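*Asks:* Okay, handing you the structure first.
No lab work stands behind these numbers, since they all come straight from the coordinates. Not measured: the values here are computed from a predicted model. Don't worry about glycine lacking a Cβ; one is built from the backbone with ideal geometry, like all the others, and counts go over all protein chains shown.
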Amino acid sequence: MSANSEAIVRQVQDVPGFRGVYYLIDRTTGVAKTLTLWDDERTMSESEEEGARIREETAQREGQQIISVERFEVGFSHLQS
């Protein structure tokens, strides 16, 4: 993980209800998506203001543009250990 990625994780990991983050990138097109995981819908909603601030600051610093913010409920998950 790069120093910049670690700085972003440090910012968001202290937000109540935060469970994890994925940063997905298509290196061919440069399109990237960030997926954050929360305890539940309530903690996700309560994180909105802080999340917006972190997104905006990161996008400005990195010269990126935020196209959209979407919310999804996890239907199921499975991680191989």
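*Asks:* Expressed in nm to one decimal, what extension gain is obtained for the pair Ala59 and Arg71 from 0.36 nm per residue of sequence separation less their Cα-Cα distance? Please list the in-between numbers first.
*Replies:* Numbers: separation 12, 0.36 × 12 = 4.32 nm, distance 1.90 nm.
Stretched out fully, the Ala59 to Arg71 stretch lengthens by 2.4 nm.
*Asks:* Shifting gears a bit: Once amide H atoms are built 1.01 Å from N in the peptide plane, which residues 5 or more positions from Thr34, or in another chain, come under 5 Å H to H?
*Replies:* HN-HN under 5 Å from Thr34: Leu24.
*Asks:* From Cα pairs below 8 angstrom and at least 6 apart in sequence, can you work out the relative contact order of the chain, rounded to a whole percent?
*Replies:* Computed over the chain, the figure is 22 percent.
*Asks:* Please state the shape class of region 9-81: rounded when a/c is under 1.5, otherwise prolate if a/b exceeds b/c and oblate if not, all from the C-alpha gyration tensor.
*Replies:* Working: a/c = 1.83, a/b = 1.19, b/c = 1.53.
Since a/c reaches 1.5 but b/c is at least a/b, the shape of region 9-81 is classed as oblate.
*Asks:* Mind ordering 65-77, 31-43 by average Cβ neighbours within 10 Å, highest first?
*Replies:* 31-43, 65-77
*Asks:* Around Glu50, under 12 Å between beta carbons, what's the net of Lys plus Arg minus Asp minus Glu among the other residues? All intermediate terms of the calculation are to be shown ahead of the outcome.
*Replies:* On the way: positive: Arg53, Arg55; negative: Asp14, Glu46, Glu48, Glu49, Glu56, Glu57.
Summing Lys and Arg as +1 and Asp and Glu as -1 gives -4.
*Asks:* Could you grab the relative contact order for region 2-48? Cα pairs under 8 Å, six or more apart, rounded to a whole percent.
*Replies:* Details: 45 pairs, mean separation 15.6, N = 47.
Averaging sequence separation for qualifying contacts and normalising by length gives 33 percent for region 2-48.
*Asks:* Could you give me the ³J(HN,Hα) list for region 35-48, computed from phi with Karplus coefficients 6.51, -1.76, 1.60 and θ = phi - 60°, whole Hz, x at Gly and Pro?
*Replies:* 10, 10, 10, 10, 3, 6, 4, 4, 5, 4, 4, 5, 8, 3
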